[in-house]
Amino acid sequence: MTAANMADKPTNQSWGGRFSEGPDARVQRFTASVSFDCRLAPYDIRGSIAHATMLAKVGVLTDDERDRIVAGLQDIDGEIHRGELEWRDDLEDVHMNIEARLTERIGEAGKKLHTGRSRNDQVATDLRLLLREEIDDLRAELARLRAGLIDLAEREADTVMPGFTHMQVAQPVTFGHHMLAWEAMLARDSARLADTRRRVNVLPLGSAALAGTTFPIDRPFVAEQLGFDEVAENSLDAVSDRDFVIEFLADAALVMTHLSRMAEELVLWISPAFGFVELPDRYCTGSSIMPQKKNPDVPEIVRGKTGRVTGHLMAVLTLMKGQPLAYNRDNQEDKEPLFDTLDTLRDCLGLYADMMPHIRVDAPACRRAAARGFATATDLADYLVRRGVAFRDAHEIVGKAVRAAQEGGLDLADLPLDTLRGFSGAIEEDVYQVLTLDGSVAARDHIGGTAPAQVRAASDRARKRLSADD
Ligand code: ARG
(Lines give C-alpha, C1' and ligand atoms only; values in the text may rest on other atoms or scores of the structure.)
Protein backbone atom coordinates (compact mmCIF):
# COMPACT_ATOMS: atom_id res chain seq x y z
CA MET A 1 0.00 0.00 0.00
CA THR A 2 1.36 3.39 -0.92
CA ALA A 3 1.21 6.32 1.43
CA ALA A 4 -1.43 7.87 -0.79
CA ASN A 5 -3.93 5.01 -0.73
CA MET A 6 -3.17 4.34 2.96
CA ALA A 7 -4.93 7.63 3.61
CA ASP A 8 -8.32 6.26 2.56
CA LYS A 9 -7.98 2.76 3.95
CA PRO A 10 -11.25 1.70 5.58
CA THR A 11 -10.08 1.66 9.22
CA ASN A 12 -11.81 3.03 12.26
CA GLN A 13 -11.82 6.81 12.18
CA SER A 14 -11.22 7.15 15.94
CA TRP A 15 -8.22 4.84 16.33
CA GLY A 16 -7.35 3.70 12.81
CA GLY A 17 -4.10 5.69 12.53
CA ARG A 18 -1.69 2.84 13.28
CA PHE A 19 -3.70 0.18 11.45
CA SER A 20 -3.01 -1.06 7.93
CA GLU A 21 -6.44 -2.60 7.41
CA GLY A 22 -9.96 -2.36 8.76
CA PRO A 23 -11.32 -4.96 11.19
CA ASP A 24 -12.57 -8.33 10.06
CA ALA A 25 -16.37 -8.13 9.73
CA ARG A 26 -16.86 -10.70 12.44
CA VAL A 27 -14.43 -8.93 14.77
CA GLN A 28 -16.30 -5.71 14.22
CA ARG A 29 -19.59 -7.33 15.14
CA PHE A 30 -18.01 -9.12 18.10
CA THR A 31 -16.39 -6.02 19.59
CA ALA A 32 -19.14 -3.51 18.90
CA SER A 33 -21.27 -2.55 21.88
CA VAL A 34 -23.42 0.21 20.44
CA SER A 35 -26.47 -2.06 20.13
CA PHE A 36 -26.74 -2.00 23.93
CA ASP A 37 -24.58 0.87 25.20
CA CYS A 38 -26.58 3.40 23.16
CA ARG A 39 -28.68 3.43 26.33
CA LEU A 40 -25.87 5.50 27.86
CA ALA A 41 -26.30 8.26 25.25
CA PRO A 42 -28.04 10.93 27.39
CA TYR A 43 -25.42 10.48 30.12
CA ASP A 44 -22.58 10.46 27.61
CA ILE A 45 -23.80 13.79 26.28
CA ARG A 46 -24.16 15.28 29.74
CA GLY A 47 -20.64 14.13 30.60
CA SER A 48 -19.23 15.55 27.36
CA ILE A 49 -20.88 18.92 27.92
CA ALA A 50 -19.36 19.11 31.41
CA HIS A 51 -15.96 18.05 30.05
CA ALA A 52 -16.01 20.64 27.23
CA THR A 53 -17.13 23.36 29.64
CA MET A 54 -14.22 22.51 31.92
CA LEU A 55 -11.73 22.44 29.02
CA ALA A 56 -12.79 25.98 28.08
CA LYS A 57 -12.58 27.10 31.70
CA VAL A 58 -8.94 25.98 31.94
CA GLY A 59 -8.09 27.42 28.50
CA VAL A 60 -7.69 24.21 26.52
CA LEU A 61 -10.69 25.08 24.33
CA THR A 62 -11.80 28.54 23.25
CA ASP A 63 -15.20 29.74 24.35
CA ASP A 64 -16.33 29.56 20.76
CA GLU A 65 -15.24 25.93 20.44
CA ARG A 66 -17.02 25.12 23.69
CA ASP A 67 -20.21 26.79 22.48
CA ARG A 68 -20.15 24.90 19.20
CA ILE A 69 -19.52 21.60 20.99
CA VAL A 70 -22.27 22.17 23.56
CA ALA A 71 -24.81 23.25 20.93
CA GLY A 72 -23.83 20.32 18.70
CA LEU A 73 -24.22 17.82 21.53
CA GLN A 74 -27.60 19.27 22.44
CA ASP A 75 -28.74 18.88 18.86
CA ILE A 76 -27.53 15.29 18.80
CA ASP A 77 -29.45 14.67 22.02
CA GLY A 78 -32.54 15.83 20.17
CA GLU A 79 -31.76 13.60 17.21
CA ILE A 80 -31.41 10.61 19.51
CA HIS A 81 -34.69 11.42 21.27
CA ARG A 82 -36.48 11.62 17.96
CA GLY A 83 -34.88 8.33 16.87
CA GLU A 84 -33.11 10.04 14.00
CA LEU A 85 -29.52 9.13 14.78
CA GLU A 86 -28.44 5.99 13.00
CA TRP A 87 -26.15 3.99 15.29
CA ARG A 88 -23.22 2.56 13.38
CA ASP A 89 -21.60 -0.73 14.35
CA ASP A 90 -18.40 0.28 12.59
CA LEU A 91 -18.06 3.09 15.13
CA GLU A 92 -18.06 0.47 17.91
CA ASP A 93 -19.78 2.15 20.79
CA VAL A 94 -22.02 4.98 21.91
CA HIS A 95 -19.07 7.26 22.66
CA MET A 96 -17.55 7.12 19.19
CA ASN A 97 -20.92 7.30 17.49
CA ILE A 98 -21.73 10.54 19.27
CA GLU A 99 -18.28 12.01 18.73
CA ALA A 100 -18.32 11.14 15.01
CA ARG A 101 -21.76 12.67 14.63
CA LEU A 102 -20.55 15.80 16.44
CA THR A 103 -17.64 16.25 14.07
CA GLU A 104 -19.96 15.62 11.14
CA ARG A 105 -22.19 18.44 12.40
CA ILE A 106 -19.71 21.05 13.69
CA GLY A 107 -16.40 20.17 11.99
CA GLU A 108 -12.95 20.78 13.55
CA ALA A 109 -14.14 21.72 17.07
CA GLY A 110 -15.76 18.28 17.36
CA LYS A 111 -12.36 16.63 17.04
CA LYS A 112 -11.12 18.52 20.11
CA LEU A 113 -13.76 17.19 22.52
CA HIS A 114 -11.77 14.08 23.40
CA THR A 115 -8.79 16.14 24.64
CA GLY A 116 -7.67 15.03 28.11
CA ARG A 117 -10.03 12.09 28.42
CA SER A 118 -10.40 8.50 27.27
CA ARG A 119 -13.32 6.23 26.63
CA ASN A 120 -12.17 4.43 29.75
CA ASP A 121 -13.00 7.25 32.14
CA GLN A 122 -15.88 8.29 29.90
CA VAL A 123 -17.71 4.96 30.06
CA ALA A 124 -17.18 4.68 33.83
CA THR A 125 -18.66 8.16 34.22
CA ASP A 126 -21.65 7.41 31.99
CA LEU A 127 -22.39 4.22 33.86
CA ARG A 128 -22.30 5.97 37.22
CA LEU A 129 -24.58 8.76 36.01
CA LEU A 130 -27.07 6.24 34.69
CA LEU A 131 -26.99 4.04 37.77
CA ARG A 132 -27.39 7.00 40.12
CA GLU A 133 -30.59 8.02 38.33
CA GLU A 134 -31.91 4.48 38.14
CA ILE A 135 -31.30 3.92 41.85
CA ASP A 136 -33.39 7.00 42.60
CA ASP A 137 -36.21 5.69 40.41
CA LEU A 138 -36.06 2.21 41.92
CA ARG A 139 -36.17 3.62 45.43
CA ALA A 140 -39.25 5.61 44.46
CA GLU A 141 -40.92 2.40 43.26
CA LEU A 142 -39.86 0.65 46.45
CA ALA A 143 -41.42 3.49 48.44
CA ARG A 144 -44.68 3.14 46.51
CA LEU A 145 -44.77 -0.58 47.23
CA ARG A 146 -43.93 -0.05 50.89
CA ALA A 147 -46.71 2.51 51.22
CA GLY A 148 -49.15 -0.05 49.77
CA LEU A 149 -48.02 -2.66 52.27
CA ILE A 150 -48.36 -0.27 55.20
CA ASP A 151 -51.91 0.61 54.10
CA LEU A 152 -52.75 -3.07 53.81
CA ALA A 153 -51.23 -3.71 57.24
CA GLU A 154 -53.44 -1.07 58.79
CA ARG A 155 -56.52 -2.32 56.98
CA GLU A 156 -55.90 -5.88 58.15
CA ALA A 157 -54.48 -5.15 61.61
CA ASP A 158 -57.22 -7.27 63.25
CA THR A 159 -57.34 -10.07 60.69
CA VAL A 160 -56.13 -13.27 62.27
CA MET A 161 -54.32 -15.81 60.14
CA PRO A 162 -52.06 -18.75 60.89
CA GLY A 163 -48.40 -17.95 61.30
CA PHE A 164 -46.20 -20.74 59.98
CA THR A 165 -42.85 -22.25 60.74
CA HIS A 166 -41.75 -25.17 58.57
CA MET A 167 -44.95 -24.35 56.68
CA GLN A 168 -46.84 -25.90 59.63
CA VAL A 169 -49.38 -23.86 61.59
CA ALA A 170 -47.35 -22.41 64.46
CA GLN A 171 -49.12 -19.52 66.19
CA PRO A 172 -51.81 -17.09 65.14
CA VAL A 173 -50.60 -13.79 63.74
CA THR A 174 -52.38 -10.84 62.24
CA PHE A 175 -52.37 -10.31 58.50
CA GLY A 176 -51.18 -6.75 59.12
CA HIS A 177 -48.18 -8.05 61.03
CA HIS A 178 -47.29 -10.24 58.06
CA MET A 179 -47.50 -7.27 55.69
CA LEU A 180 -45.18 -5.28 57.92
CA ALA A 181 -42.65 -8.11 57.80
CA TRP A 182 -42.58 -7.70 54.03
CA GLU A 183 -42.29 -3.95 54.42
CA ALA A 184 -39.35 -4.33 56.81
CA MET A 185 -37.44 -6.35 54.20
CA LEU A 186 -38.05 -3.72 51.54
CA ALA A 187 -37.10 -0.89 53.90
CA ARG A 188 -33.67 -2.49 54.31
CA ASP A 189 -33.42 -2.95 50.56
CA SER A 190 -34.07 0.73 50.07
CA ALA A 191 -31.48 1.66 52.70
CA ARG A 192 -28.94 -0.61 51.00
CA LEU A 193 -29.57 1.10 47.66
CA ALA A 194 -29.16 4.52 49.26
CA ASP A 195 -25.86 3.41 50.72
CA THR A 196 -24.66 2.02 47.38
CA ARG A 197 -25.62 5.29 45.73
CA ARG A 198 -23.06 7.11 47.89
CA ARG A 199 -20.27 5.02 46.38
CA VAL A 200 -21.74 5.25 42.88
CA ASN A 201 -21.78 9.01 43.03
CA VAL A 202 -18.03 9.53 42.56
CA LEU A 203 -16.50 11.05 39.42
CA PRO A 204 -14.03 8.95 37.35
CA LEU A 205 -13.63 11.54 34.57
CA GLY A 206 -10.14 13.02 34.57
CA SER A 207 -8.55 9.61 35.04
CA ALA A 208 -8.25 9.49 31.24
CA ALA A 209 -7.02 6.12 29.94
CA LEU A 210 -5.47 5.05 33.25
CA ALA A 211 -2.84 7.46 34.57
CA GLY A 212 -4.48 10.86 34.36
CA THR A 213 -3.79 13.54 31.77
CA THR A 214 -1.14 16.15 31.01
CA PHE A 215 -3.77 18.88 30.58
CA PRO A 216 -4.53 21.23 33.49
CA ILE A 217 -7.98 19.79 34.15
CA ASP A 218 -10.35 20.90 36.92
CA ARG A 219 -11.98 17.75 38.22
CA PRO A 220 -13.93 19.27 41.13
CA PHE A 221 -15.55 21.64 38.60
CA VAL A 222 -16.66 18.68 36.45
CA ALA A 223 -17.90 16.84 39.55
CA GLU A 224 -19.95 19.82 40.57
CA GLN A 225 -21.52 20.24 37.15
CA LEU A 226 -22.52 16.58 37.04
CA GLY A 227 -23.75 16.42 40.63
CA PHE A 228 -21.05 14.02 41.86
CA ASP A 229 -20.26 14.21 45.58
CA GLU A 230 -16.59 13.41 45.13
CA VAL A 231 -13.78 13.00 42.64
CA ALA A 232 -12.30 9.48 42.39
CA GLU A 233 -8.96 9.44 44.21
CA ASN A 234 -7.06 7.02 42.01
CA SER A 235 -7.12 6.97 38.22
CA LEU A 236 -6.13 3.29 37.85
CA ASP A 237 -8.95 2.26 40.17
CA ALA A 238 -11.49 4.67 38.74
CA VAL A 239 -11.28 3.41 35.15
CA SER A 240 -11.16 -0.26 35.98
CA ASP A 241 -13.21 -1.32 38.98
CA ARG A 242 -16.86 -2.14 38.56
CA ASP A 243 -17.47 -2.87 42.22
CA PHE A 244 -20.22 -0.27 42.22
CA VAL A 245 -22.07 -2.32 39.60
CA ILE A 246 -21.54 -5.50 41.60
CA GLU A 247 -22.73 -3.80 44.76
CA PHE A 248 -25.85 -2.63 43.03
CA LEU A 249 -26.46 -6.10 41.57
CA ALA A 250 -26.12 -7.60 45.05
CA ASP A 251 -28.70 -5.11 46.35
CA ALA A 252 -30.91 -5.97 43.38
CA ALA A 253 -30.55 -9.71 43.97
CA LEU A 254 -31.75 -9.17 47.53
CA VAL A 255 -34.71 -7.07 46.35
CA MET A 256 -35.65 -9.88 43.97
CA THR A 257 -35.13 -12.49 46.69
CA HIS A 258 -37.57 -10.59 48.87
CA LEU A 259 -40.08 -10.14 46.05
CA SER A 260 -39.71 -13.84 45.34
CA ARG A 261 -40.47 -14.80 48.93
CA MET A 262 -43.54 -12.59 48.76
CA ALA A 263 -44.45 -14.23 45.45
CA GLU A 264 -44.22 -17.68 46.96
CA GLU A 265 -46.65 -16.72 49.73
CA LEU A 266 -49.04 -14.98 47.35
CA VAL A 267 -49.09 -18.04 45.11
CA LEU A 268 -49.92 -20.26 48.09
CA TRP A 269 -52.49 -17.87 49.52
CA ILE A 270 -54.25 -17.48 46.19
CA SER A 271 -54.51 -21.24 45.77
CA PRO A 272 -58.06 -22.36 46.66
CA ALA A 273 -56.45 -24.79 49.12
CA PHE A 274 -55.62 -21.68 51.21
CA GLY A 275 -57.94 -19.04 49.82
CA PHE A 276 -56.49 -16.27 52.02
CA VAL A 277 -56.36 -13.61 49.32
CA GLU A 278 -57.76 -12.85 45.92
CA LEU A 279 -56.09 -10.97 43.11
CA PRO A 280 -58.11 -8.99 40.60
CA ASP A 281 -58.55 -10.80 37.29
CA ARG A 282 -56.38 -8.28 35.49
CA TYR A 283 -53.31 -9.54 37.37
CA CYS A 284 -54.02 -13.18 36.52
CA THR A 285 -54.30 -15.33 33.42
CA GLY A 286 -56.27 -18.43 32.53
CA SER A 287 -55.41 -21.91 31.38
CA SER A 288 -55.86 -22.89 27.74
CA ILE A 289 -57.10 -26.33 28.76
CA MET A 290 -58.62 -26.08 32.26
CA PRO A 291 -61.51 -23.60 32.15
CA GLN A 292 -61.74 -23.20 35.93
CA LYS A 293 -58.17 -21.94 36.37
CA LYS A 294 -57.15 -18.41 37.38
CA ASN A 295 -53.37 -18.41 37.62
CA PRO A 296 -51.26 -15.99 39.66
CA ASP A 297 -48.80 -15.37 36.84
CA VAL A 298 -47.47 -12.03 38.05
CA PRO A 299 -46.03 -13.38 41.31
CA GLU A 300 -44.90 -16.55 39.55
CA ILE A 301 -42.96 -14.64 36.92
CA VAL A 302 -41.48 -12.35 39.58
CA ARG A 303 -40.30 -15.48 41.40
CA GLY A 304 -38.89 -16.78 38.12
CA LYS A 305 -37.09 -13.55 37.26
CA THR A 306 -35.20 -13.70 40.54
CA GLY A 307 -32.96 -16.32 38.96
CA ARG A 308 -31.79 -14.07 36.19
CA VAL A 309 -30.95 -11.19 38.52
CA THR A 310 -28.98 -13.46 40.84
CA GLY A 311 -27.30 -14.78 37.68
CA HIS A 312 -26.33 -11.27 36.60
CA LEU A 313 -24.65 -10.72 39.98
CA MET A 314 -22.61 -13.90 39.45
CA ALA A 315 -21.79 -12.81 35.89
CA VAL A 316 -20.28 -9.46 36.87
CA LEU A 317 -18.48 -10.85 39.92
CA THR A 318 -16.89 -13.41 37.63
CA LEU A 319 -16.19 -10.78 34.98
CA MET A 320 -14.20 -8.75 37.51
CA LYS A 321 -12.26 -11.40 39.32
CA GLY A 322 -9.36 -12.02 36.94
CA GLN A 323 -8.73 -8.48 35.78
CA PRO A 324 -5.34 -6.86 36.30
CA LEU A 325 -5.24 -3.07 36.63
CA ALA A 326 -6.26 -0.99 34.83
CA TYR A 327 -9.04 -0.98 32.19
CA ASN A 328 -9.69 -4.16 30.22
CA ARG A 329 -12.20 -4.61 27.47
CA ASP A 330 -13.83 -7.35 29.53
CA ASN A 331 -15.65 -4.53 31.26
CA GLN A 332 -17.77 -3.97 28.20
CA GLU A 333 -19.63 -7.07 29.41
CA ASP A 334 -20.87 -5.27 32.52
CA LYS A 335 -23.64 -3.43 30.72
CA GLU A 336 -26.12 -6.05 29.58
CA PRO A 337 -26.40 -7.70 33.01
CA LEU A 338 -26.78 -4.28 34.61
CA PHE A 339 -29.38 -3.01 32.14
CA ASP A 340 -31.40 -6.21 32.29
CA THR A 341 -31.36 -6.05 36.08
CA LEU A 342 -32.57 -2.45 36.03
CA ASP A 343 -35.42 -3.32 33.67
CA THR A 344 -36.38 -6.42 35.62
CA LEU A 345 -36.46 -4.58 38.94
CA ARG A 346 -38.41 -1.70 37.53
CA ASP A 347 -41.05 -4.06 36.11
CA CYS A 348 -41.34 -6.26 39.18
CA LEU A 349 -41.46 -3.42 41.70
CA GLY A 350 -43.86 -1.44 39.53
CA LEU A 351 -46.25 -4.36 39.13
CA TYR A 352 -46.19 -5.22 42.82
CA ALA A 353 -46.79 -1.59 43.76
CA ASP A 354 -49.74 -1.41 41.35
CA MET A 355 -51.18 -4.71 42.54
CA MET A 356 -50.86 -4.41 46.31
CA PRO A 357 -53.75 -1.97 46.95
CA HIS A 358 -56.07 -4.35 45.07
CA ILE A 359 -55.35 -7.48 47.05
CA ARG A 360 -58.56 -8.65 48.70
CA VAL A 361 -58.08 -10.50 51.97
CA ASP A 362 -60.62 -13.19 52.89
CA ALA A 363 -60.56 -12.67 56.66
CA PRO A 364 -62.94 -15.55 57.51
CA ALA A 365 -60.82 -17.97 55.45
CA CYS A 366 -57.67 -16.79 57.24
CA ARG A 367 -59.37 -17.23 60.59
CA ARG A 368 -60.65 -20.72 59.74
CA ALA A 369 -57.12 -21.78 58.77
CA ALA A 370 -55.73 -20.41 62.04
CA ALA A 371 -58.41 -22.28 64.00
CA ARG A 372 -57.26 -25.56 62.47
CA GLY A 373 -53.87 -26.75 63.59
CA PHE A 374 -53.80 -25.93 67.32
CA ALA A 375 -52.27 -22.53 66.82
CA THR A 376 -52.95 -21.54 70.45
CA ALA A 377 -51.07 -24.48 71.98
CA THR A 378 -48.19 -22.22 73.05
CA ASP A 379 -50.69 -19.88 74.68
CA LEU A 380 -51.98 -22.77 76.78
CA ALA A 381 -48.43 -23.67 77.81
CA ASP A 382 -47.73 -20.04 78.74
CA TYR A 383 -50.98 -20.02 80.75
CA LEU A 384 -49.80 -23.04 82.75
CA VAL A 385 -46.43 -21.38 83.37
CA ARG A 386 -48.21 -18.34 84.79
CA ARG A 387 -49.92 -20.78 87.18
CA GLY A 388 -46.62 -22.17 88.45
CA VAL A 389 -46.04 -25.11 86.09
CA ALA A 390 -42.47 -25.36 84.71
CA PHE A 391 -42.39 -24.66 80.98
CA ARG A 392 -41.05 -28.10 80.05
CA ASP A 393 -43.87 -29.79 82.02
CA ALA A 394 -46.39 -27.39 80.51
CA HIS A 395 -45.14 -28.33 77.04
CA GLU A 396 -45.69 -32.02 77.80
CA ILE A 397 -49.19 -31.41 79.24
CA VAL A 398 -50.29 -29.38 76.23
CA GLY A 399 -48.83 -31.96 73.85
CA LYS A 400 -51.11 -34.56 75.41
CA ALA A 401 -54.10 -32.22 75.22
CA VAL A 402 -53.39 -31.60 71.53
CA ARG A 403 -53.28 -35.31 70.84
CA ALA A 404 -56.59 -35.85 72.63
CA ALA A 405 -58.20 -32.99 70.70
CA GLN A 406 -56.82 -34.31 67.44
CA GLU A 407 -58.21 -37.77 68.10
CA GLY A 408 -61.61 -36.26 68.79
CA GLY A 409 -61.44 -34.07 65.69
CA LEU A 410 -61.63 -30.96 67.88
CA ASP A 411 -59.65 -27.77 68.45
CA LEU A 412 -58.18 -27.08 71.91
CA ALA A 413 -60.84 -24.46 72.56
CA ASP A 414 -63.56 -27.10 71.93
CA LEU A 415 -62.38 -29.38 74.75
CA PRO A 416 -64.65 -29.17 77.84
CA LEU A 417 -63.09 -27.79 81.03
CA ASP A 418 -63.28 -31.20 82.72
CA THR A 419 -61.27 -32.78 79.93
CA LEU A 420 -58.67 -30.02 80.07
CA ARG A 421 -58.41 -30.29 83.86
CA GLY A 422 -57.73 -34.00 83.35
CA PHE A 423 -54.37 -32.91 81.90
CA SER A 424 -53.58 -30.37 84.64
CA GLY A 425 -55.37 -29.22 87.76
CA ALA A 426 -53.88 -25.76 87.20
CA ILE A 427 -56.36 -25.18 84.36
CA GLU A 428 -59.42 -23.12 85.23
CA GLU A 429 -62.43 -21.55 83.54
CA ASP A 430 -60.43 -18.50 82.36
CA VAL A 431 -58.32 -20.76 80.12
CA TYR A 432 -60.73 -20.17 77.21
CA GLN A 433 -59.61 -16.56 76.99
CA VAL A 434 -56.10 -17.64 76.03
CA LEU A 435 -57.34 -20.37 73.73
CA THR A 436 -59.12 -17.95 71.44
CA LEU A 437 -57.31 -16.61 68.41
CA ASP A 438 -58.01 -12.98 69.26
CA GLY A 439 -56.80 -13.48 72.83
CA SER A 440 -53.64 -15.10 71.50
CA VAL A 441 -52.66 -12.28 69.15
CA ALA A 442 -53.73 -9.52 71.55
CA ALA A 443 -51.47 -11.00 74.24
CA ARG A 444 -48.33 -10.44 72.13
CA ASP A 445 -48.45 -6.83 72.98
CA HIS A 446 -44.93 -5.42 72.75
CA ILE A 447 -42.77 -3.78 70.10
CA GLY A 448 -42.34 -6.30 67.29
CA GLY A 449 -45.32 -8.40 68.48
CA THR A 450 -48.40 -9.31 66.47
CA ALA A 451 -51.12 -7.65 68.61
CA PRO A 452 -53.45 -5.47 66.51
CA ALA A 453 -52.59 -2.42 68.65
CA GLN A 454 -48.90 -3.05 68.00
CA VAL A 455 -49.51 -3.46 64.27
CA ARG A 456 -51.25 -0.09 64.20
CA ALA A 457 -48.40 1.57 66.09
CA ALA A 458 -45.81 -0.16 63.89
CA SER A 459 -47.68 0.99 60.76
CA ASP A 460 -47.48 4.57 62.03
CA ARG A 461 -43.76 4.26 62.64
CA ALA A 462 -43.20 2.62 59.24
CA ARG A 463 -45.08 5.42 57.53
CA LYS A 464 -42.98 8.04 59.35
CA ARG A 465 -39.76 6.26 58.36
CA LEU A 466 -40.97 6.10 54.79
CA SER A 467 -41.68 9.81 54.58
CA ALA A 468 -38.35 10.64 56.25
CA ASP A 469 -36.60 8.49 53.62
CA ASP A 470 -34.82 10.78 51.21
N1 ARG B 1 -17.20 0.17 24.94
C2 ARG B 1 -16.20 0.19 25.95
C3 ARG B 1 -16.73 -0.34 27.29
O4 ARG B 1 -17.87 -0.54 27.38
C5 ARG B 1 -15.72 1.59 26.14
C6 ARG B 1 -14.29 1.72 26.50
C7 ARG B 1 -13.44 1.19 25.46
N8 ARG B 1 -12.07 1.56 25.64
C9 ARG B 1 -11.14 1.08 24.86
N10 ARG B 1 -10.00 1.51 25.06
N11 ARG B 1 -11.39 0.18 23.96
O12 ARG B 1 -16.02 -0.56 28.23
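Structure above, values below:
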| quantity | calculated |
| --- | --- |
| Shape call, segment 368-451: gyration tensor on alpha carbons, a/c limit 1.5 | oblate |
| Farthest toward positive dipole pole in the chain [+1 Lys/Arg, -1 Asp/Glu at C-beta], among Ile289, Ile45, Met167 | Met167 |
| Computed over segment 368-451: relative contact order in percent, which uses C-alpha pairs under 8 Å that are six or more apart | 32 |
| Radius, Kirkwood style, for segment 153-247 when every pair of distinct Cα atoms is counted (Å) | 17.3 |
| Residues whose placed amide H lies under 5 Å from that of Val231, excluding near-sequence neighbours | Leu203 |
| Long-range amide H partners of Val169 with built H, under 5 Å | none |
| The chain, accessible surface, carbon-and-sulfur percent (1.4 angstrom probe) | 52 |
| Prolate/oblate/rounded label for the chain (Cα gyration tensor, a/c 1.5) | prolate |
| Check: the chain dipole with +1 on Lys, Arg Cβ and -1 on Asp, Glu Cβ, in debye | 620 |
| Whole-number percent relative contact order across segment 25-111, with pairs defined as alpha carbons under 8 Å at least 6 apart | 41 |
| Helical contribution to [θ] at 222 nm, DSSP H n ≥ 4, -39,500 (n - 2.57), averaged over the chain, rounded to 500 | -20000 deg cm²/dmol |
| Probe 1.4 Å, all protein chains present, accessible-area order of Ile76, Ile447, largest first | Ile447, Ile76 |
| Heavy atoms of Arg101 accessible to a 1.4 Å probe, total area in Å² rounded to 10 | 60 |
| Kirkwood Rh and Cα Rg combined as Rg over Rh, evaluated for segment 25-111 | 1.01 |
| Probe 1.4 Å, all protein chains present, accessible-area order of Arg392, Arg132, largest first | Arg392, Arg132 |
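The values are calculated or read from the model by the stated rules, or taken from the named source; none is laboratory data. Only a predicted model underlies this, so the values are computations on that prediction, with no experimental measurement involved. Here Cβ is always computed from backbone atoms with ideal geometry, including for glycine, and neighbour counts include all displayed protein chains. SASA here: full protein model, heavy atoms, side chains in, ligands and nucleic acids out. Shrake-Rupley method; radii C 1.70, N 1.55, O 1.52, S 1.80 Å.
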